[in-house]
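One structure below.
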Amino acid sequence: MSLYQEPLAWDQSVIDRYDLSGPRYTSYPTAPQFRDDFSRQQWLEAVARSNRSGKPLSLYFHIPFCDTLCFYCACNKIVTHKRSRAMPYLERVDREMALQAEVFDTDRPVSQLHWGGGTPTYISEDEMTWLMDATRRHFQLLDNDEGEYSVEVHPGRMSVGKLVHMRQLGFNRVSMGVQDFNPEVQRAVNRYNSVEQVRELVDVARDQGYRSISMDLIYGLPLQTRASVKETLDQVIDLGPDRLSLFNYAHLPHLFKSQRLIHESDLPSPQDKLAILHEAIERLQSAGYVYIGMDHFAKPDDSLVKAQQEGRLQRNFQGYSTHAECDLIAFGVSAISYYGSTYIQNAKKVEEYQARIDEGRPALIKGVRLQPEDHLRRAVINQLICHFKLSFGQLYERFGINPNQYFRDELAQLAPMVEDGLIEVTPAGITVLNKGRLLIRRVCMVFDQYLDTGNQIRYSKVI
């Protein structure tokens, strides 16, 4: 049995020692390191490097609208019943695409496309068609259904007709934000979707030929119990999604105003929250799901599992991904791109985003170009967080360093983790052992050169 198939080891005493707050490493350097003095010239230089690479493209569209407020949500969103607000925003996204298409080599194929939010399915079918047509005018979308074109949906606000329409537009993957099926929990967070609603969408998605169905769940929500989460998991497993994410709810009401509507007294205790997670992991693995890492599970034949086993898995702002070879261009408010060894973020407030586009200039407000040290540490973190191992030989071949000498301080910091059975360190590299897989963020933090700069940014707990 390979490491990926083994049941996760759970050692409560070790978890208590290492369950600190830290980054999720959807990027490295992480977002707090993005600089607000990032210039138009730096952007154009990043585009030029991307064009020279000839890499295929991945496009992300942030559609921020929702018609109801989910109290737990930490996304950049606009809650409104005024559907008329959507089209002016989409028109700005079209103009942003035009600005990017002027400088990018758009002959490169779009291997991956994703609509996120917010709730992307807030927009109408006609608006969806309009946005996809606009995208095809600017970029080379694939017409053979071989790309990964995905969309996030709120199943409680989603019609069967819209799901069929999105398949006709070229989407072949769908991610459903289920979160929890318990009625009391749903009332506590103002997020509603029934098992029947989700089952109908799953049946239609399979009938329409969607290649992958993913579901998101959250643990640590108000009024959740071990028994209620088990019931939700049993219902989800019966629905049989190809992928499943089990996210930790981080209660940070000082950062996210909507979370102030959640009563802290209703939240599970830290001990109960960990017990919920422990039992959830055991239940999912016993049902045949493979633990990818960092909250993510997938069926054994899923492309994420295959990419992990073949060493091709990567991590980005949408989570784990199979398309490490793509340059990511992101559109819309707060969206983050990565191309030309550079992270670039758009304006976080919709008014500023739209004003910049109206002035005919890019919406970017922050960015950072990776330096050689960043590339090295990004590679280290990516290998550990995606594959639970790090080959020193590969680092030597790629970066020309002797990792045992270069990272001697970091290896010294890892010594307690070796003693506690989380990892194994040899002259050939680092292997994350079964007991350490849940704590992989903590292992990665040792190689993050920015964590000791006095930055007081609050992160979620590792588990």
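The values are calculated or read from the model by the stated rules, or taken from the named source; none is laboratory data. Keep in mind that this is a model prediction, so the values were computed, not measured. So basically every Cβ, Gly included, is an ideal-geometry build from the backbone, and we count neighbours across all protein chains shown. When the accessible area is computed, the model is the full protein with side chains, heavy atoms only, and any ligands, DNA or RNA have been set aside. Shrake-Rupley method; radii C 1.70, N 1.55, O 1.52, S 1.80 Å.
Yes/no per residue for (1) more than 30 Å from T322 (Cα to Cα); (2) in a loop (DSSP other than H, G, I, E, B):
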| site | (1), (2) |
| --- | --- |
| L59 | no, no |
| T68 | yes, yes |
| C73 | no, yes |
| A86 | yes, no |
| L90 | no, no |
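Counting only residues that are in contact with a Pro (Cβ under 7 Å, 6 or more places away or on another chain) and assigned to a loop (DSSP other than H, G, I, E, B), the stretch 402-447 holds 0 of them. One residue stands out in the stretch 240-271 among those that are in a helix (DSSP H, G or I), surrounded by fewer than 16 Cβ atoms within 10 Å (Cβ to Cβ) and not aliphatic (A, V, I, L, M): the one that is nearest to the chain's Cα centre (by Cα), namely K257. Among the residues of the stretch 204-217, are any open to solvent by 20 Å² or more (accessible area, probe 1.4 Å), among the acidic types (D, E), closer than 18 Å to V236 by Cβ and touching a strand residue (DSSP E or B) at 6+ places or on another chain (Cβ under 7 Å)? Checked the stretch 204-217: at least one residue is open to solvent by 20 Å² or more (accessible area, probe 1.4 Å), among the acidic types (D, E), closer than 18 Å to V236 by Cβ and touching a strand residue (DSSP E or B) at 6+ places or on another chain (Cβ under 7 Å). Taking the criterion of being in a helix (DSSP H, G or I) and either in contact (Cβ under 8 Å) with a residue 60 or more places away in the chain or crowded, with 23+ Cβ neighbours inside 10 Å (or both), the residues of the stretch 322-374 that qualify are V350, Y353, Q354, I357, D358, E373, D374. Kindly indicate whether any position in the stretch 375-389 is open to solvent by less than 60 Å² (accessible area, probe 1.4 Å), of a type outside the set (S, T, N, Q) and in contact with a Pro (Cβ under 8 Å, 6 or more places away or on another chain). Looking through the stretch 375-389, none of the residues is open to solvent by less than 60 Å² (accessible area, probe 1.4 Å), of a type outside the set (S, T, N, Q) and in contact with a Pro (Cβ under 8 Å, 6 or more places away or on another chain).
Please state which one of R24, R49 is open to solvent by 30 Å² or more (accessible area, probe 1.4 Å), assigned to a helix (DSSP H, G or I), on the phi < 0 side of the Ramachandran plot and not polar (S, T, N, Q). Walk me through how you get there before you give the answer.
On the way: R24 fails: assigned to a helix (DSSP H, G or I).
Of the residues listed, the single one that is open to solvent by 30 Å² or more (accessible area, probe 1.4 Å), assigned to a helix (DSSP H, G or I), on the phi < 0 side of the Ramachandran plot and not polar (S, T, N, Q) is R49.
The residues listed here are A335, A330, A287, A250; of these, the one that is modelled with pLDDT of 95 or more and closer than 23 Å to F71 by Cα is A335.
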